[in-house]
Amino acid sequence: MSRHHLRALAVAALVALPLVACGDDDGAATDTSAPSPGTVDEADEPIAIAGAWARTSPSMATAGAAYAEITNAGDEDDALIGVSVDPSVADRAELHETVPADDDQDDDATGGGHGGGMMHMRAVEEIPVPAGGTAVLEPGGYHVMLLDLAAPLEVGDTVEITFTFERAGDVVVEADIRDTAP
Amino acid sequence: MEPRSRPLARALAGVVALLLAAAACGGDDAPADAGSASTTAAPATLHGYQREPSLEVGHVALPDVSAGGAPMAMRPPAGELLLVYFGYTSCPDICPTTMADIRVALESMPPELAERVAVAMVTVDPERDTDEVLTGYLEHFFDRAHPLRTDDPDELAAAAQAFTVQWEIEEHEPGEAYAVGHTSVTFVVDDTGTVVVEWPFGVRSREMAADLTLLLSEQEPT
């Protein structure tokens with residue numbers, strides 16, 4: 001394994017570490033209101049999107065983020081290649097990924113001996129959804145970035161998001177607006 | 001929940017699990033060290049990491065927008081803790097996730113403990129994060145927090161250096177939206193100005209609350 005990969009791995013380990021720390025369940029005091037809609041579950045559609053949610057946005061914020069879990073029950077690989085929302089929600093939507101700094105470029109993250117913990121965000125052209133696989137959009141990873149929000153995203157509302165797939169075409173979901181992950 | 005579409009990530013998760021077994025959970029088999037009525041048993045451990053030697057940041061001060069720009073020292077009053085995060089408000093993913101997690105952690109704690117914890121966010125994007133923007137942003141998450149902002153790049157750089165924080169503004173055309181890469185760590189500072197624990201992105205609210213509760217118990221108000 002190259003040095004580059006080792007560094008990326010070290011960073012990833014630090015980042016991922018708390019996620020699995022001691023196998024805790026996620027019993028944080030989040031609200032556990034009604035199960036999310038945002039599920040498209042047509043019997044003959046290979047692509048299913050579950051648990052779609054967008055984070056509430058501070059009144060001063062111009063950017064928002066949305067997340068979901070995309071499952072491909074089909075036999076053919078697919079890919080999420082685009083995303084859009086109505087202009088009444090945001091000027092535009094893009095697929096983004098948050099990555100540790102060392103994962104996308106080899107600049108010298110000096111920092112404090114633990115990789116620096118620096119995270120970058122970058123636009124991605126597509127998110128693979130392999131046959132029989134799942135693509136997870138979640139905080140700290142892939143996400144839908146909403147740019148130039150038309151209005152703050154308020155808890156309890158929903159926002160309609162159109163996901164465009166290479167094979168499956170458009171899939172529309174209603175994403176819950178929440179303060180924290182479901 | 002690792003992204004199943006990314007094999008490398010799965011491999012990493014395995015590595016992480018191994019590291020964890022060796023490090024983070026070191027011998028602490030208690031089912032829950034947060035809030036559970038544990039019977040004075042095993043010494044509780046912190047979920048974040050502690051570096052050797054510890055960072056000393058008490059000498060750092062930055063203008064506090066909530067105090068009219070008066071300098072705020074990175075050293076809370078006796079018996080209290082200060083959480084410091086460097087970020088920016090146009091950040092859609094990491095920053096609001098972290099702020100929301102901190103809020104949930106504080107809300108889960110007894111008020112008499114939570115009120116001994118202050119939150120400060122330092123903007124690494126003062127161009128877009130005006131006083132008003134930064135204040136409004138933090139008000140979304142907290143009843144009271146300290147928006148820290150300086151227009152002096154040297155002052156910001158010196159403060160960031162004390163925390164070993166890095167940031168990098170994406171190249172952009174004037175007027176274009178841009179992202180800012182930044183160290184995504186929350187620093188917990190005690191009343192001596194020492195960083196006593198650091199939470200990388202992904203530490204859960206309940207883990208934050210457990211760490212704060214433990215640290216506050218070791219740092220009784222005078």
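Every number in this text was worked out from the coordinates using simple rules, so none of it is lab data. Predicted, not measured: the structure shown is a model, and the values here were computed from it. Methodologically, a virtual Cβ is constructed for each residue, glycine included, from the backbone with ideal geometry; neighbour enumeration extends over all protein chains shown.
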Any GluC sites (Glu not before Pro) in segment B:66-113 that lie in a DSSP loop and have at most 13 other Cβ atoms within 10 Å would be none
Per DSSP, the loop-located trypsin sites (Lys or Arg not before Pro) within segment B:38-124 having at most 14 other beta carbons within 10 Å are B:ARG51
Residues whose modelled amide H sits under 5 Å from the amide H of A:ASP179, counting only those 5 or more places away in sequence or on another chain, are A:THR56
A correct Karplus calculation of ³J(HN,Hα) over segment A:47-56, with 6.51 cos²θ - 1.76 cosθ + 1.60, θ = phi - 60°, whole Hz and x for Gly and Pro, returns 8, 10, 10, 10, x, 5, 8, 10, 7, 4
Check: C-alpha center segment B:61-135 vs C-alpha center segment B:190-222, spacing in Å is 14
Under the rule rounded for a/c under 1.5, else prolate if a/b exceeds b/c, else oblate, using alpha carbon gyration tensor axes a ≥ b ≥ c, segment B:40-175 is classed as prolate
Length gained, B:GLU127-B:PHE142, 0.36 nm per residue minus C-alpha separation, equals 3.1 nm
Listed by chain and number, the residues whose amide H is under 5 Å from that of B:MET72, excluding neighbours fewer than 5 places away on the same chain and using placed H, are B:LEU62, B:ASP64
Length gained, A:ARG167-A:ILE81, 0.36 nm per residue minus C-alpha separation, equals 30.0 nm
Within segment B:177-222, DSSP-loop GluC sites (Glu not before Pro) with at most 11 other C-beta atoms within 10 Å are B:GLU218
Going fewest to most other Cβ atoms within 10 Å around each Cβ, A:ILE81, A:ILE177, A:ILE127 line up as A:ILE81, A:ILE177, A:ILE127
Ordered by fewest other Cβ atoms within 10 Å, a rough proxy for footprinting exposure, A:THR164, B:THR98, B:THR192, B:THR213 read B:THR192, A:THR164, B:THR213, B:THR98
